[in-house]
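Visitor: The structure under discussion is supplied below as structure tokens; questions concerning it will follow.
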Amino acid sequence: MKTLYLTTSKEDIEQAAKIIREGGLVAFPTETVYGLGANAFDEEAVAKVYEAKGRPSDNPMIVHIARASDIGQLTRLLNPDIVELIDNFWPGPLTLVVKKRPEIPDRTTGGLDTVAVRLPESQAARDLINAACCPIAAPSANLSGSPSPTRAGDVAADMDGRIDAIIQGEDCRIGIESTVVDMTGDVPTILRPGIITAEAIGAAIGKAVKYDEFLTEGSRHVQLDPAAGVDEDDFAPKSPGMKYRHYAPKADMLIVEGERQKVKAEIERLKNLNRQYGNKVGVILFEERAFIEAAHDFFAQLRDLDGEGVDLILAGALSETDGVGFAVMNRMLKSAGYNIVRV
Ligand code: TXA
Ligand code: MG
């Protein structure tokens, strides 16, 4: 398949929208990461998304809409908390898991009776959805398991020849995927952390919000300790995407965690040691507490280091007491396959 390269001009967006209407696949920019879009109500088109990504087909997709009122096409049940979050955070990087309308194909939601909905802030994304006249189901536009693409070139590297078109927009402002919050239970539950933190969500609705147990500090340590004998699948995470190995660079990766000066020294030591044995080493070390910058750069740095052909990536852990730091560490731990040393 020859992939068409488009801009964010009105004519090009029209052309992309036509491709979506006709059941094709279009990658497009959002403020978080690039998405790979298909008509959410077209089962065959959605099936092609899984194929293009090489993704397990039980993994549900986020459905993107262009205005808040369109959520009515996807769910019949809007409680006051959901409405409060829409008012506070849309358009923006917050995905709400709500009870789905029966009309939404099972393929879009991975057979769940819920649907994940997001109204992106990105103008190009909203123009595309508007022009297509349908909600757009879109996972991140990377091959399954690879780092999410935050630049048009990253999308091309993974998807050229596999999809109909790529809208080449700006680099993504945020750089990590949206926060996913399950609004179907008694207590709103964060299924995937992001730049909109649990604290911010709790403050908006005036009640406590919890993290899915799969994300908590406790489960992290269980996962880190193979001797504990707990299989990751046993956690049965509510967000099915969390159970697959994710965001992995081609290189091996090791996280160094501890007091700042010790981390720096250990990374230096490990770098030299590995180089002596002929390994090409790359380092990811953000300024202390520069969480927003870390979110913006993390996936791009993984891809750049892979481009340089490094064998090993050494990364400095971020503080997880900050909500955004926690969100970036969630990605970093997965990228490294939970390979971590403490100093
Ligand atoms: O920022 C983002 O959210 C980007 C851009 C393109 O909007 N999209 C994205 O999609 O990251 P994806 O497919 O890579 O991640 C969707 C996540 C997965 O972890 C999936 O399991 C979860 O959302 N999810 C989707 N529908 C769900 C549902 N009904 N219940 C629980 N989790 C769901
Ligand atoms: Mg993804």
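Visitor: Roughly how large, in nm² to one decimal, is the mean projection of the convex hull of the alpha-carbon atoms in region 100-149? Before the final figure, lay out the partial values.
Guide: Values: hull surface 17.9 nm².
For the Cα atoms of region 100-149, the hull's average projected area reads 4.5 nm².
Visitor: Do any of K99/K210; K48/K99; K2/K250; K18/K334; K48/K100 go past 29 Å between their Cα atoms, and which?
Guide: Numbers: K99/K210 19 Å; K48/K99 25 Å; K2/K250 26 Å; K18/K334 37 Å; K48/K100 22 Å.
Over 29 Å Cα-Cα: K18/K334.
Visitor: How many percent of all Cα-Cα pairs in region 14-79 sit more than 17 Å apart? Please report the intermediate quantities before stating the final value.
Guide: Numbers: 1033 of 2145 pairs.
The share of Cα pairs beyond 17 Å in region 14-79 comes to 48 percent.
Visitor: So what is the relative contact order of region 7-136, in percent, for Cα pairs below 8 Å that sit 6 or more residues apart? It would help to have the intermediate numbers written out before the result.
Guide: Working: 225 pairs, mean separation 45.9, N = 130.
Relative contact order for region 7-136 comes out at 35 percent.
Visitor: At a 10 angstrom cut-off on C-beta neighbours, averaged per residue, how do the peptides 282-289, 188-195 rank from highest to lowest?
Guide: Values: 282-289: 16.1, 188-195: 23.8.
Final packing ranking: 188-195, 282-289.
Visitor: About the Cα centre, and with charges only on the beta carbon of Lys, Arg (+1) and Asp, Glu (-1), how big is the dipole of the chain? Nearest 20 debye, please. Can you show the working numbers first?
Guide: Working: 38 positive and 52 negative charges, 51 e Å.
My answer is approximately 240 debye.
Visitor: Report, as a whole number in µm² per second, the diffusion coefficient that Stokes-Einstein gives for the chain at 25 °C and 0.890 mPa s using the Kirkwood radius over alpha carbon pairs. Could you put the intermediate results ahead of the total?
Guide: On the way: Rh = 20.5 Å.
The diffusion coefficient I find is 120 µm²/s.
Visitor: When ranked by the protection proxy of mean other Cβ atoms within 10 Å per residue, highest first, what sequence do the peptides 27-33, 264-270 form?
Guide: Details: 27-33: 27.7, 264-270: 15.9.
Ranking, from highest mean packing down: 27-33, 264-270.
Visitor: What number comes out for the charge environment of K264, summing +1 per Lys or Arg and -1 per Asp or Glu over other residues with Cβ under 14 Å away?
Guide: Result for the neighbourhood of K264: -2.
Visitor: Considering the Cα trace of region 57-207, what is its radius of gyration and what is Dmax, both in angstroms?
Guide: 15.3, 48
Visitor: In degrees between 0 and 90, to the nearest 10, how far off the longest principal axis of the chain does helix 10-21 point, with axes built from Cα atoms?
Guide: For 10-21 against the chain, the angle is about 80 degrees.
Visitor: Using just the helices of the chain, give the 222 nm mean residue ellipticity in deg cm²/dmol: DSSP H runs with n ≥ 4 each add -39,500 (n - 2.57), and the total is spread over all residues, rounded to 500.
Guide: Details: 11 runs with 118 residues, N = 343.
Mean residue ellipticity, 222 nm, calculated: -10500 deg cm²/dmol.
Visitor: May I pose another question? Using the alpha-carbon atoms, what tilt in degrees (0 to 90, nearest 10) does helix 260-276 show relative to the longest principal axis of the chain?
Guide: The answer is roughly 80 degrees.
Visitor: Also: Report the antiparallel proportion of the DSSP beta bridges in the chain as a percent, rounded to a multiple of 5. Present the calculation step by step, with values, prior to reporting the outcome.
Guide: Numbers: 15 of 41 bridges.
Around 35 percent of the beta bridges assigned by DSSP in the chain are antiparallel ones.
Visitor: Where does the charge balance sit around K207 when Lys and Arg score +1, Asp and Glu -1, over other residues with C-beta under 15 Å from its C-beta? If you can, show how the numbers build up before the last one.
Guide: On the way: positive: K210; negative: D81, E84, D182, D186, E199.
So the surrounding residues net to -4.
Visitor: Taking 8 Å as the Cα distance limit and 6 or more residues as the minimum spacing, I'd like the relative contact order of the chain as a percentage. Before the final figure, lay out the partial values.
Guide: Numbers: 731 pairs, mean separation 67.6, N = 343.
So the answer I get is 20 percent.
Visitor: How would you rank 69-79, 39-49, 145-155, 98-108, highest first, on the average number of other Cβ atoms within 10 Å across their residues? Mind dumping the intermediate values first?
Guide: Working: 69-79: 15.1, 39-49: 20.2, 145-155: 23.2, 98-108: 17.4.
So the order, starting with the most tightly packed, is 145-155, 39-49, 98-108, 69-79.
Read the figures in this text as sums done on the coordinates, not as results from a lab. None of the values given here were measured: they were computed from a predicted structure. In this analysis, Cβ positions are derived from the backbone assuming ideal geometry, glycine residues included, and neighbour counts consider all displayed protein chains.
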